[in-house]
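Comments concern the structure below.
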C-alpha cells in the first residue's frame, strides 16, 4: 500500500519527543520495513521536503490565519464583530486545510491508497473526498484540559475539541489504543471505534549510559518521566514528596521531561514541587527530555517508575518502563489498568491520592529481590504482547478493510 500519514508532531523536529511523534515514527518505519510506501505530512513553519531515517517527510507551512482575521476586523474598526470562538478555531482549521491541500497535490504524483490522521487538531477535517481516511484517537482533549491542561485557555481547547469531534465524525474509520477513551468517545461521534493497542518497537540505537553514570551512578532514586504537568500527576507527587524523603534519607527523585506551563496557587508547578520538598529540595533532580539511548539506562537503574496521571490514554511512558523490566505505579481508569494487573506486574492507585502513592512506593522499596524480579519479569511479558508484528498487522488489516468499504 501507499500510505500518507498526517501529523502535527514528528521526531525529526527537536521540539517533539512525545507520544504522537514517536508513534508516527515507529509506525512509518514498520510499514516501510514491511514493503509499504509511506509519506509523512508534518505541520510546520516552512515548506520543506526531507528524508529522515529513510522516511519521506513533507513539511507543510501553516499560515497563522488568526492574525489575518484579527487584523481585518481591527483595520475596519469591526472589532465588536470578531468572534473569539472563530479566532481560536482558525488555528485548527488552518492545520487541516493546508495539510490536506499538500496531500491532494502529492496524490496527483503518487496515488495514495489511504490517509492516516491523528485525532489531535482535527487534521482529518478536510480529508480529500477521493481518498479513504482513518483517524487514531490518542486522548481526550476535554479531559486533559479538565485535569490541568497544557497551559491553553478553556475557549481554545473547546474549539480544538469541536474541530476534532467534527473531523472524526466525517472520517471513514476511527481506532484507538485505549478502551476507556474509546468508550467515552463513541457516543459523542456516534461511531464504533476499533481498539488496536500501541505497538512497542525497541529503539534501534544502542544505550548510552553517560548521563546516568555521570549524574546518577551512585544514587538510589524513584523516576518520573514525561511531560511535567498537572495532567501527568506531578501535583500528586508534590503532596507526598516531603514525607517520602523524610522516610528514606538515602532516596532521590528524578524527573525527566519538559516542564508544562501549569500553576498551583499562582506558583509554577515546578516551583510548587520544590517548595513542597522543603529542606529536601536538593534531592530532586531534573533532566530535560532526552533521547531513548540515554533515557533507558536511567529507567533501568531506578527503584521504580511513578506515573500518577490524572488522565491518560495508553501511556507510552508506562509501555517503555515495563519494556525495560521496571515496576510502574500508575492510576486506575487511565489506560494503565489495560497494561497493569495490580500487584502482579505493577501497581495501581486511585487518581490524585498522594497517600496511596506514598504507600505503594514504600511497598516497592520493601520488596525482596525475588519478589521484585518476579513483578519486573511479568511487566516485560505484558509488553511482549505489543510486538508490532501482532498489533500493526491488525492496523494493516483495518487499512485494507477501510479501503475496500470506501471503494464499494
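The values are calculated or read from the model by the stated rules, or taken from the named source; none is laboratory data. Computed from a predicted model, the values in this text were never measured in an experiment. Cβ: placed from backbone, ideal geometry, glycine included. Neighbour counts: every protein chain shown.
The table below lists the values:
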| read-out | value |
| --- | --- |
| Residue in the stretch 187-203 that is more than 28 Å from residue 390 (Cα to Cα), within 20 Å of the chain's Cα centre (by Cα) and surrounded by 16 or more Cβ atoms within 10 Å (Cβ to Cβ) present | no |
| Qualifying residue in the stretch 282-297 (condition: surrounded by fewer than 19 Cβ atoms within 10 Å (Cβ to Cβ) and without any contact (Cβ under 8 Å) to a residue 24 or more places away in the chain) | yes |
| Residue within the stretch 86-95 that is under 30 Å from residue 197 (Cβ atoms), at pLDDT 90 or above and either within 23 Å of the chain's Cα centre (by Cα) or surrounded by 15 or more Cβ atoms within 10 Å (Cβ to Cβ) (or both) present | yes |
| Single match in 311, 274, 319 (criterion: over 27 Å from residue 141 (Cβ atoms) and either touching a helix residue (DSSP H, G or I) at 6+ places or on another chain (Cβ under 7 Å) or at pLDDT below 95 (or both)) | 274 |
| Count of the stretch 359-375 residues which are out of contact with any strand residue (DSSP E or B) (no Cβ under 9 Å at 6 or more places or on another chain) and surrounded by 19 or more Cβ atoms within 10 Å (Cβ to Cβ) | 0 |
| Test result for residue 39, assigned to a strand (DSSP E or B), outside the structural domain of residue 228 (by TED's automatic domain parsing), in contact with a helix residue (DSSP H, G or I) (Cβ under 8 Å, 6 or more places away or on another chain) and under 22 Å from residue 313 (Cβ atoms) | no |
| Matching residues in the stretch 182-209 - criterion: being assigned to a helix (DSSP H, G or I) and touching a helix residue (DSSP H, G or I) at 6+ places or on another chain (Cβ under 9 Å) | 184, 185, 188, 189 |
| Residue ID - surrounded by the fewest Cβ atoms within 10 Å (Cβ to Cβ), chosen from residues in the stretch 210-231 that are assigned to a strand (DSSP E or B) and out of contact with any helix residue (DSSP H, G or I) (no Cβ under 8 Å at 6 or more places or on another chain) | 220 |
| Selection count, the stretch 166-181, where residues are farther than 22 Å from residue 405 by Cα and assigned to a helix (DSSP H, G or I) | 3 |
| Residue 286 being over 16 Å from the mean Cα position of the chain (by Cα), part of a strand (DSSP E or B) and more than 25 Å from residue 182 (Cβ to Cβ) | yes |
| Search result, residues across the stretch 335-363 that are without any contact (Cβ under 8 Å) to a residue 40 or more places away in the chain, more than 20 Å from residue 316 (Cα to Cα) and not in a loop (DSSP other than H, G, I, E, B) | 356, 359, 360, 363 |
| Flag for residue 42 being under 17 Å from residue 289 (Cβ atoms) and in contact (Cβ under 8 Å) with a residue 12 or more places away in the chain | no |
| Residues that are touching a helix residue (DSSP H, G or I) at 6+ places or on another chain (Cβ under 8 Å) and either part of a loop (DSSP other than H, G, I, E, B) or touching a residue at least 24 places away in the same chain (Cβ under 8 Å) (or both), drawn from the stretch 257-269 | 259, 260, 262, 264, 265, 269 |
| Residue list for the stretch 207-232, filter: more than 24 Å from residue 332 (Cβ to Cβ) and under 23 Å from the mean Cα position of the chain (by Cα) | 207 |
| Some residue of the stretch 266-277 being more than 20 Å from residue 215 (Cβ to Cβ), assigned by TED's automatic domain parsing to the domain that holds residue 294 and in contact with a strand residue (DSSP E or B) (Cβ under 6 Å, 6 or more places away or on another chain) | yes |
| Any pair with Cβ under 6 angstrom, 6 or more apart, that starts in the stretch 13-30 at a residue that is not assigned by TED's automatic domain parsing to the domain that holds residue 396 and in a loop (DSSP other than H, G, I, E, B) and ends at one that is modelled with pLDDT under 85 and crowded, with 18+ Cβ neighbours inside 10 Å | none |
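Here's the yes/no breakdown for (1) at pLDDT 75 or above; (2) closer than 19 Å to residue 169 by Cα:
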{"residue": "58", "(1), (2)": "yes, no"}
{"residue": "69", "(1), (2)": "no, no"}
{"residue": "73", "(1), (2)": "no, no"}
{"residue": "111", "(1), (2)": "yes, no"}
{"residue": "114", "(1), (2)": "yes, yes"}
{"residue": "125", "(1), (2)": "yes, yes"}
{"residue": "129", "(1), (2)": "yes, yes"}
